[in-house]
Amino acid sequence: MKKKMLLLNTTVLLGLGGVLSTPAYASTIQDMESQKSQIQNQRQDVQSNIKAASDELTRLQAEQDQMKAQLERLTLAEEENNKKAQKTEADIKETSKQVDQLEKEIKLLQEKLEKRNDILKDRARSMQESGGNVEYLQVLLGSSSFGDFVDRALAVSTIVDADRGILKETKNMQDELKTKQADVKSKLASLEDMKAELDEMTVQLAAQKKQKDALAKELKDKEAKNEELKASLQSKDSSLANEQSTLEQNIKDQKAAEEAARKAAEQAAKEAAKKAAEQAQKAAAEAAKKAAEQAQKAAAEPAEKADSPSPKAAPKASSNDVAPTSAPAPKASNVVTVGNRWIGNSAYVFGGGRSQSDINHGLFDCSSFVHWAYSQVGVNLGPLGSVSTETLKHAGTQVSSSQMQPGDLVFFDTYKKDGHVGIYVGGGKFVGAQSSTGVAIANMSSGYWKQKFNGRVVRI
């Protein structure tokens, strides 16, 4: 009977083990888990690329913002320079009118003096005919020009008082007109120089603005392409996320099916075991009944007592405790470098940099920038409102260009003598507010600035 019971139990357990060890589910889940891992790796790569694209967009945006600010400065500088050019042109026209008027007055005066010349000559002849001083006549008639005539006439001691008064008045008027004419012409020449520089500067600013616009467009195109790439990567990531979600659901469903099959197998095993136990009990009862009957037949024979072996206690499974793993444990700038903050953040305005508003917006001309730079290191180069290349070239000590040191002022003949000034930084370069670039470091050892450098060096 024991052998029959063991055989039945073994059959039931083998059947249950066969159900629980079916490889189909495990193989499918393993494949899906592998696919899921691959998709996760792909998503990590895509998300890394998305982050790189986002970082590039941020960098491009910052660069574009900086470019926009520079374009705004250039636009403002161009407007200011155009206003100054228009005012200069108006001043030139007004000064030209003044010169024309003075020339007309001088011409009228010369005509009057010529008439007086004739009168004086007639008076000299009359004086000679009447026995007057011969020296007066010789001086007057021997003059080489009208101006010489006036000077000679005033030098003649015998000239009558009336003539002397006329001549003195005429000479004073002539001298005054010449002085005015010289002043106006000097002013006109200065204004013409200013207009020449402004015209050149406007052309350079227009070219610079065109270049900046092209760069801004390039940045915008890059930004658009990067946005497109980012959108494409995000779309791919979304697609991979859907695949991952589907796989995770499939794995979940598969595990649920496996769990249901396992429970069904356990239930079947329990029922089979129960049925086997009932059959065993029934067989045991029948055997006992049969044994009783046989015992009754052999009434005189002693019954044999069968001892049942005591069940052994099932050994308790021992588990090893796994110990938790423990986790491993700004020097002040000098005048040479103080202006670097304006490089790429400034624009040239003729006459600019003489108000706090201009300085805040980075609008300088060459002399105001030098004045500002020295003021930052505690050196005052005179009133800001009147600073110019002329005042700066007398602000310190003249030194030889062979002894030039960083911090010295260097001068260039551009639209006029000493028309541009900068601060020598060493290595054949200087920093200054250039009309084409705003504040920038330029090379004075070759090219344009070498040709314009006049050798004047001033040490503050």
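Quick note: the coordinates plus some simple rules give every number you see, no bench work behind them. A quick note: this is a predicted structure, and the numbers were derived from the prediction, not measured. As a convention, Cβ positions derive from the backbone with ideal geometry for all residues, glycine included, and neighbour counts pool all protein chains shown.
From the phi of every residue in segment 398-403, what ³J(HN,Hα) in whole Hz does the Karplus formula 6.51 cos²θ - 1.76 cosθ + 1.60 yield, where θ is phi - 60° and glycine or proline is x?
Rounded to whole hertz, the list is 6, 10, 6, 5, 6, 9.
In a shell of Cβ-Cβ distance under 11 Å around E227, excluding E227 itself, what net charge do Lys and Arg (+1) and Asp and Glu (-1) give? Could you put the intermediate results ahead of the total?
Values: positive: K220, K222, K225, K230; negative: E56, D221, E223, E228.
Taking every other residue near E227 into account, the sum is 0.
What does the highest-first list of 32-40, 438-446 look like by mean Cβ count within 10 Å?
The packing order, highest mean first, is 438-446, 32-40.
Apply the Karplus curve 6.51 cos²θ - 1.76 cosθ + 1.60, θ = phi - 60°, to the phi angles in segment 39-48 and return the couplings in whole Hz, x for Gly and Pro.
Couplings: 5, 4, 5, 4, 5, 4, 5, 4, 5, 5 Hz.
Could the peptides 278-288, 47-57 be put in order, highest first, of the mean number of other beta-carbon atoms found within 10 Å of their residues? Can you show the working numbers first?
Working: 278-288: 11.4, 47-57: 14.7.
Ranking the peptides 278-288, 47-57 by packing returns 47-57, 278-288.
Return the sequence-ordered ³J(HN,Hα) values of segment 449-457 in whole Hz as given by the Karplus equation 6.51 cos²θ - 1.76 cosθ + 1.60 applied to θ = phi - 60°, using x for Gly and Pro.
For segment 449-457, the Karplus curve yields 6, 5, 5, 8, 5, 9, x, 7, 10 Hz.
So if R0 is 22 Å, what FRET efficiency would D45 and K222 give, r being the distance between their Cβ atoms, rounded to the nearest 0.05? Could the numbers behind the result be given before it?
Details: r = 22 Å, r/R0 = 1.02.
Step by step, r from the Cβ atoms, then E = 0.45.
Classify segment 403-460 as rounded, prolate or oblate, taking a ≥ b ≥ c as the square roots of the eigenvalues of its Cα gyration tensor: rounded when a/c is under 1.5, otherwise prolate if a/b is larger than b/c and oblate if not.
Values: a/c = 1.39, a/b = 1.16, b/c = 1.19.
Judged from the Cα gyration tensor, segment 403-460 comes out rounded (a/c under 1.5).
Between E176 and E89, what is 0.36 nm times their sequence separation minus the Cα-Cα distance? Round to one decimal in nm. Don't skip to the end; give the middle numbers.
On the way: separation 87, 0.36 × 87 = 31.32 nm, distance 2.67 nm.
Net length gain for the segment: 28.7 nm.
If r is the Cβ-Cβ distance from Q405 to N443 and R0 is 22 Å, what FRET efficiency results, to the nearest 0.05? Mind showing how you got there, number by number?
On the way: r = 18 Å, r/R0 = 0.80.
About 0.80, to the nearest 0.05.
If amide hydrogens are placed 1.01 Å from N in the peptide plane, which non-local residues have theirs closer than 5 Å to the one on V439?
Answer set, sorted by chain and number: G344, S346, A347, Q434.
By per-residue mean of other Cβ atoms within 10 Å, what is the highest-first order of 69-76, 417-424, 173-180?
417-424, 69-76, 173-180
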